[in-house]
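First the structure, in the form of structure tokens, and then the observations on it.
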Amino acid sequence: METRAGERSDGFVDEATARRFEALDADYAGRMVTLRAAMTSEGGAEAIVVAGATCAWFASESVLSHVYGLGLSVDATDSDLAAIEEFYRSKGDARLQVELCPFARKSTLRRLGDRGYVVTGFEHVLARPLGGALEAAPPGPGSRITVRAVDASSDEGRAEWSRVAGEAFFAPDLVPRSLEGVFEVTPRLPDTTVFLAEADGFPVAVAALTVAAGIGALFAGATLRSARRAGAHGALLRARLEAAAAAGAEWATAGATPGSGSQHNMERHGFRVAYTRAVLGKVL
């Protein structure tokens, strides 16, 4: 039964709502690139729009350097795809990656296949409605865990969050090229709140929340290896859901690798798989 536009009691996400999720994701990537370009004159961070798709280039091999929203608003022609490929080639990239929503036009998908793109992976987009009172997640560990929003207006707050994020995702000083610069930019993203989870007063996990266009996007969640399975990830999920609801968001959404622990934890907090993106790649 429908409860409001795009939402059913079982959390079903229709095409119009999926397009909203994809638009927010593309906007987020574009803003991250703009901030990166403003923070450093080196590297050539840039985003362009071709055939309604956001082509973001944050840095070489960056997790953000790919195409968002292709084939959703308009069909992408061969000349459009050639222009996109030339943009990434001009940045010195050897490969091009496209995240393709299942609601993208089939003709765009066929052209991608004809041009040599192949599926290299998948990503679940999970979602849950935020209307009404939030139901509590099943009880679990984490009574020692507290969560606080970081003061991202201060250099100290941003530096602390970025440091813990780097250690949580990877060991100190070993942040891979795919994530270089991302942690420094994230706290500066408009409409974004970054959180720290602490155990006995020591920071052990990070996460972020962007609220825009009625959607709360949850991302950048990671826990220090020594503190995993202690409830920090769940505590950060709850804090972000509460913050998104308080900000008036209708939906919460997040991405996860199929079958991962993150997917399982989000499902414990009321998320369901809304759809699955295909990740397509091509050697330029």
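A quick yes/no check of all residues on (1) of a type in the set (A, V, I, L, M); (2) modelled with pLDDT under 95:
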{"site": "Ala227", "(1), (2)": "yes, yes"}
{"site": "Ala249", "(1), (2)": "yes, no"}
{"site": "Ala252", "(1), (2)": "yes, no"}
{"site": "Pro258", "(1), (2)": "no, no"}
{"site": "Val273", "(1), (2)": "yes, no"}
{"site": "Gly281", "(1), (2)": "no, no"}
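Just checking: which of the strands (runs of 3 or more DSSP E) contained wholly in region 12-112 hold 1 or more residues that are free of Cβ contacts under 8 Å to residues at least 24 places away in the same chain? Before the answer, list the steps.
Numbers: elements: 46-50, 53-57, 95-100.
The strands (runs of 3 or more DSSP E) meeting that bar are 46-50.
Quick check on my filter: what residues within region 191-216 are open to solvent by 20 Å² or more (accessible area, probe 1.4 Å), touching a Ser or Thr at 6+ places or on another chain (Cβ under 7 Å) and closer than 21 Å to Trp251 by Cα?
Correct list: Asp191, Thr192.
If you go through region 255-271 one residue at a time, how many are outside any loop (DSSP other than H, G, I, E, B) and out of contact with any Ser or Thr (no Cβ under 6 Å at 6 or more places or on another chain)?
Applying the first criterion (outside any loop (DSSP other than H, G, I, E, B)) to region 255-271 yields 255-256, 261-268.
Now narrow it down to the ones that are out of contact with any Ser or Thr (no Cβ under 6 Å at 6 or more places or on another chain): 255, 261-268.
Total meeting the criteria: 9.
If you scan region 102-116, which residues turn out to be touching a Ser or Thr at 6+ places or on another chain (Cβ under 9 Å) and at positive phi?
none
Among the candidates Ala220, Ala245, Ala252, Ala274, which residue alone is part of a strand (DSSP E or B), open to solvent by 10 Å² or more (accessible area, probe 1.4 Å), more than 17 Å from Val150 (Cβ to Cβ) and small (Gly, Ala, Ser)?
After ruling out the rest, the residue left standing is Ala274.
Table: residues versus (1) at pLDDT 95 or above; (2) closer than 17 Å to Gly255 by Cβ; (3) in contact with a helix residue (DSSP H, G or I) (Cβ under 9 Å, 6 or more places away or on another chain).
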position: Glu46; (1), (2), (3): yes, no, yes
position: Ala53; (1), (2), (3): yes, no, yes
position: Val67; (1), (2), (3): yes, yes, yes
position: Leu72; (1), (2), (3): yes, yes, yes
position: Asp78; (1), (2), (3): yes, no, yes
position: Ala83; (1), (2), (3): yes, no, no
position: Glu86; (1), (2), (3): yes, no, no
position: Cys101; (1), (2), (3): yes, yes, yes
position: Arg105; (1), (2), (3): yes, no, no
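Can you give me the number of residues within region 61-81 that are out of contact with any Leu (no Cβ under 8 Å at 6 or more places or on another chain), crowded, with 16+ Cβ neighbours inside 10 Å, farther than 18 Å from Pro102 by Cα and small (Gly, Ala, Ser)?
Summing the residues that are out of contact with any Leu (no Cβ under 8 Å at 6 or more places or on another chain), crowded, with 16+ Cβ neighbours inside 10 Å, farther than 18 Å from Pro102 by Cα and small (Gly, Ala, Ser) in region 61-81 gives 1.
The values are calculated or read from the model by the stated rules, or taken from the named source; none is laboratory data. Bear in mind the structure is a predicted one, so any value in this text is a computation, not a measurement. Note: ideal-geometry Cβ built from the backbone for every residue, glycine included; neighbour counts use all protein chains shown. What goes into the accessible areas is simple: the full protein's heavy atoms, side chains included, and nothing from ligands, DNA or RNA. Shrake-Rupley method; radii C 1.70, N 1.55, O 1.52, S 1.80 Å.
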